[in-house]
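Input: a single structure, listed below in structure tokens.
The values are calculated or read from the model by the stated rules, or taken from the named source; none is laboratory data. What you are looking at is a predicted structure, and each value in this text was computed from that prediction instead of being measured. Reconstructed Cβ throughout: ideal geometry from the backbone, glycine too, with neighbour counts over all protein chains shown.
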Amino acid sequence: MIELRPYQLETIEKVRKSIMSGNRSIIIQANCGAGKTIMAAHIIKKALEKQKKIIFLVHFRQLAYQAMERFTDFGMANSIGYIMAGEDAHLDRPIQIISVQTYGRRLNLEKLKYNKWFKEADIAVYDECHSSIAPTRKAILDLYKKTAIIIGLTATPCRADMRPLGSVYDDIVSSASVKELTDQGFLVPVRYFGATHYPDLNNMGPDVSGDYNQTELGHRVDKPKLVGDILENWLRIAENRPTVIFATNVRHSKHIEELFMSNGIPTEHVDHKTSQDERVEILKRFKDGATRVITNCSVFAEGADFPWASCLVLAKPTKSRQRYIQMGGRVLRPYPGKSDCILIDHAMAVAGGDDSHGFLDEEVEWTLSGKEKTYKKINKKEEEKEKKISKCRACNEMFSGTSICPMCGTELKTFGKSVKMLEAELKELNIKKEKANLEVEKRVFLGMLKFHIPLQKNPNPKRIYGIFKGKYGCFPENSYSDVAPIEPDALFLNYMKYCRIKYAKRKNKT
């Protein structure tokens, strides 16, 4: 039997106390990597020892198989049956792993006591319970509300449309935060990078869930310039990292796959039509390194497990914090040889837009009721309220709490208000700034060259290095390889005009 971590035992104890206080339906909010299925397995194991009956509800086949693996680790394999299409039924077993789609089709709500598929239970556990108030899911849970304890499991107890879950659940018990899990080594730290170009998200109508209209969004993101920017940033930032890309729709995902493949990068696309057997084979090639990049729309947002991946590209804008966290959490798990992970944001999901969500480790207080939001961010220190996420104009690294990029020393370019700093921090940063001034200038100039030269009549990339050497007397250092293209300012354009005049005069003399 698996030994539980201290915070997992603490979470289970909170659930027990919630039940003792009279709550019959409780959500365990557990972030990616916290081990919510392991906590559920421990609860189920204790209930089985008391000869209780348990159902475990899932809405993805993959979640059912993952649950079976965890329950097997706890020695319960022979006590489990499935109610799921394609699986043999063992209805006499005390634990039933149930597909809500299959269950919903087989139940005859008017004649339950004559229906062999209906299973009475003392405990009903629902994995990924943020979908609990969808009509079929809620109808199933309502069958158990008066007779069983209901336990929901999710990292994000809210829906994309922000409708609260209070109509089903009485209480939320939160486990360890992303920051706590990272500090304890159960998740890896994240480095954030922004894109060079972003889609226009202004004046977009909503879809039925309150998110962006997906048809219109697809047209806005699936443009050659934006798709090309995904490749260019990935090559610069994360070329050697196993990478998962979340696209906006199937067409967008396939266009990204085609561009990566045409540049010699082994890439595979997965969508809802990809069979389970195909997905297993694709993930095997991904793990072995034969495939370096996987593109998908939403199929890997839940129930996917590839801890070896160390880069995530978000090319799917969303207003939903739930979707953002589900996608972002895919690469946080540790793996041998993996010290961190990279998130490249092409969707203004992290910062820069009205519907941005911030860093993944920002602490959130979840609620079961509320007209507008089912969560609020927690700021433990007053000065943190003034901190804004910034994007480095030289390397695209995203950070907060400082006025100089922690990676390359470039002066920040902020989204919104200036960063409020303490006096001691300002003194330290000013010292660093004085030492880094020339390096910053070189990096910014090189970035502007990378933007400007490809647009000229003679786009030969060798001109970038020649002009750089003409200005600074040396070629760019290898440490400048991460510099992204930067839109030129007036000073740069004036310098280029000076170079053209100087060149023309020298040519006329000869």
| task | Specify the residue that is farthest from Gly205 (Cα to Cα); the eligible residues are those in region 301-341 that are modelled with pLDDT under 90 and assigned to a loop (DSSP other than H, G, I, E, B). | result | Asp305
| said: Can you find a residue that is farther than 30 Å from Glu365 by Cα and touching a residue at least 40 places away in the same chain (Cβ under 8 Å) anywhere in region 175-190? | reply: no
| query | Quick one: is Thr154 under 24 Å from Asp355 (Cβ atoms) and either at pLDDT 90 or above or small (Gly, Ala, Ser) (or both)? | reply | yes
| remark: For region 71-81 the number of residues that are aromatic (Phe, Trp, Tyr) and either over 29 Å from the mean Cα position of the chain (by Cα) or part of a loop (DSSP other than H, G, I, E, B) (or both) is 1
| request: Could you check, for region 31-42, whether at least one of its residues is in contact (Cβ under 8 Å) with a residue 40 or more places away in the chain, surrounded by fewer than 17 Cβ atoms within 10 Å (Cβ to Cβ) and outside the structural domain of Gly328 (by TED's automatic domain parsing)? | output: no
| message | Name the single residue that is surrounded by the fewest Cβ atoms within 10 Å (Cβ to Cβ) among those in region 247-264 being part of a loop (DSSP other than H, G, I, E, B) and at pLDDT 95 or above. | response | Asn249
| request: Would you point out the residue of region 278-320, among those that are touching a Phe, Trp or Tyr at 6+ places or on another chain (Cβ under 8 Å) and of a type in the set (Ser, Thr, Tyr), that is nearest to Gly264 (Cα to Cα)? | output: Thr295
| message | Take Ile150 and tell me if it is more than 23 Å from Val313 (Cα to Cα), in a strand (DSSP E or B) and out of contact with any Pro (no Cβ under 8 Å at 6 or more places or on another chain). | response | yes
| query | Could you count how many residues in region 26-70 are in contact with a Lys or Arg (Cβ under 8 Å, 6 or more places away or on another chain) and over 26 Å from Tyr324 (Cβ atoms)? | reply | 3
| note | The lone condition Lys111 fails out of (1) surrounded by 14 or more Cβ atoms within 10 Å (Cβ to Cβ); (2) assigned to a helix (DSSP H, G or I) is (1)
| task | Examine region 298-314 for a residue that is over 18 Å from Pro189 (Cα atoms), hydrophobic (A, V, I, L, M, F, W, C), in the same structural domain as Arg191 (by TED's automatic domain parsing) and within 10 Å of the chain's Cα centre (by Cα), and state whether such a residue exists. | result | yes
| message | I want to confirm something. Restricting to region 1-27 and keeping residues that are hydroxyl-bearing (Ser, Thr, Tyr) and under 29 Å from the mean Cα position of the chain (by Cα), which single residue is farthest from Phe186 (Cα to Cα)? | response | Ser25
| field | Selection from region 29-70 of residues that are basic (Lys, Arg) and either at pLDDT below 90 or in a strand (DSSP E or B) (or both) | value | Arg61
| query | Of Ile19, Ile26, which residue is β-branched (Val, Ile, Thr) and not in a strand (DSSP E or B)? | reply | Ile19
| query | Out of all the residues in region 265-280, which are more than 16 Å from Phe300 (Cβ to Cβ), assigned to a loop (DSSP other than H, G, I, E, B) and not aliphatic (A, V, I, L, M)? | reply | Pro266
| Hey, Gly228 hits all of (1) modelled with pLDDT under 90; (2) closer than 23 Å to Thr318 by Cβ but one; which does it fall short on? | (1)
| query | Which one of Ala30, Ala47, Ala34, Ala40 is closer than 30 Å to Arg330 by Cα, more than 23 Å from the chain's Cα centre (by Cα) and not charged (D, E, K, R)? | reply | Ala40
| request: Search region 280-310 for residues being among the charged types (D, E, K, R) and touching a residue at least 12 places away in the same chain (Cβ under 8 Å), and hand back the single one that is surrounded by the most Cβ atoms within 10 Å (Cβ to Cβ). | output: Glu302
